[in-house]
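The values are calculated or read from the model by the stated rules, or taken from the named source; none is laboratory data. Model, not experiment: these values are computed from the prediction. With ideal geometry, Cβ positions are generated from the backbone for all residues, glycine too; neighbour counts draw on all protein chains shown. SASA here: full protein model, heavy atoms, side chains in, ligands and nucleic acids out. Shrake-Rupley method; radii C 1.70, N 1.55, O 1.52, S 1.80 Å.
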Amino acid sequence: MKLASLKNGRDGRLVVVSRDLSTCVAVPAIAPTLQAALDSWSSTEPKLREVYEALNAGQVEGAEAFDQDKAHSPLPRAYQWADGSAYVNHVELVRKARGAEMPDTFWTDPLMYQGGSDAFLAPHDPIPMGDEAWGIDFEGEVAVITGDVPMGASPAQAAGAIRLVMLVNDVSLRGLIPGELAKGFGFFQSKPSSVFSPVAVTPDELGGAWQDGRVQLPLISHLNGELFGKPDAGQDMVFNFPALIAHAAKTRPLGAGCIIGSGTVSNKQDTDHGSAVADGGVGYSCIAEVRMIETINSGKPSTPFMRFGDTIRIEMFDAAGKSIFGSIENEVVKYKGA
């Protein structure tokens, strides 16, 4: 099943989207918003699925064309957005870029930070930034939306709480990160509003690509229209989603509508740290990684971070080449104030 939120007020208007992303239909009699659907998932899910099946069969009156430009992030705001770092290759690379060693425990205990969840960006809206010197970077990721998760949940319990899967652009400001982390209190200003794919899908919609709590498909990123990365989201993911959810719930319960991110998708590609598309590899899902490889290879980075006018597109396709979640397409623009 595929769900989306069209732009409408703070929390959007829930629509069921056809498998091919061509049509959609609002379902106010079932749930006005995605959060409302998640709050009563046991009763709303069967009704939403019935509409989805009818929509795919062309049997729904009032269906309209699905316009991704009119979509907000599936949850325009959320009670919780916690981003992990399941691809340890990414962690090792970005820490090297900061001159920081990586503790061995990073292979056994997930990293996770609590992001701002009160104002996500829409998938096709601009990313407003105050200064190019902040080191504007994209981070292509996968995320899940959970139902209620009890405190101390096991990974098996956590797996049963996964309701939906979607893509993420976890915008990062590399120029601000070192100073913030040096304070010993984590990310805040260096992690502005994130962006999620137009469509969120139930795990069963992924078919065989959903295995062991991972999405076994390439995540495709185009920077300014050029292929930047196509790493497989199922490879080198040290901690799967059940493990990440259980980690987040160790000392607190998670409410329905909690979003848990995978961290930047990153493949080793049978090398120390992978290689860029230009070098015949699968590339990366953020600029920071390719800059680190450039530093390793030539002593200094040559790829700049994003500037005003730069664009990023993030998407994932099924085995038939069809877009699963729709596309994240953002242009970085100068913030002009409220």
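Structure notes:
- Any hit, the range 60-67, residues being modelled with pLDDT under 95 and surrounded by fewer than 24 Cβ atoms within 10 Å (Cβ to Cβ): yes
- Those residues of the range 68-105 which are of a type in the set (A, V, I, L, M) and either open to solvent by 20 Å² or more (accessible area, probe 1.4 Å) or under 19 Å from residue 181 (Cβ atoms) (or both), in sequence order: 82, 88, 91, 93, 94, 97, 100, 102
- Those residues of the range 109-130 which are modelled with pLDDT under 95 and open to solvent by 60 Å² or more (accessible area, probe 1.4 Å), in sequence order: 109, 111
- Screening residue 39 on (1) surrounded by 14 or more Cβ atoms within 10 Å (Cβ to Cβ); (2) closer than 16 Å to residue 72 by Cα; (3) of a type in the set (D, E, K, R) shows it passes everything except condition (2).
- Selected residue (only one of 133, 156 is open to solvent by 70 Å² or more (accessible area, probe 1.4 Å) and more than 30 Å from residue 268 (Cβ to Cβ)): 133
- Evaluation of residue 265 against (1) of a type outside the set (Gly, Ala, Ser); (2) assigned to a loop (DSSP other than H, G, I, E, B); (3) farther than 18 Å from residue 325 by Cβ (one fails), failing number: (3)
- Filtering the range 176-194 for residues that are open to solvent by 40 Å² or more (accessible area, probe 1.4 Å) and at positive phi leaves a non-empty set.
- Checking each residue in the range 283-338 for being within 19 Å of the chain's Cα centre (by Cα), assigned to a loop (DSSP other than H, G, I, E, B) and either on the phi < 0 side of the Ramachandran plot or aliphatic (A, V, I, L, M) (or both) picks out 284, 285, 286, 316, 318, 322, 324, 325, 327.
- Considering only residues in the range 139-153 that are more than 11 Å from the chain's Cα centre (by Cα) and not charged (D, E, K, R), the one that is surrounded by the most Cβ atoms within 10 Å (Cβ to Cβ) turns out to be 146.
- A single entry from 298, 302 fulfils the requirement of being surrounded by fewer than 18 Cβ atoms within 10 Å (Cβ to Cβ) and out of contact with any helix residue (DSSP H, G or I) (no Cβ under 8 Å at 6 or more places or on another chain): 298.
- Pair list, Cβ under 6 Å, 6 or more apart: the range 75-96 residue under 18 Å from residue 259 (Cβ atoms), other residue in a helix (DSSP H, G or I): 75/34; 82/248; 84/244; 85/91
- Only one of 55, 14 that is out of contact with any helix residue (DSSP H, G or I) (no Cβ under 6 Å at 6 or more places or on another chain), at pLDDT 95 or above and open to solvent by less than 30 Å² (accessible area, probe 1.4 Å): 55
- Of all the numbered requirements in (1) out of contact with any Phe, Trp or Tyr (no Cβ under 7 Å at 6 or more places or on another chain); (2) open to solvent by less than 20 Å² (accessible area, probe 1.4 Å), residue 321 misses one, and that requirement is (2).
- Annotation for the range 248-260: at least one member residue is polar (S, T, N, Q) and either part of a helix (DSSP H, G or I) or at pLDDT 95 or above (or both).
- Of all residues in the range 216-231 being out of contact with any helix residue (DSSP H, G or I) (no Cβ under 6 Å at 6 or more places or on another chain) and not in a loop (DSSP other than H, G, I, E, B), the one that is farthest from residue 155 (Cα to Cα): 226
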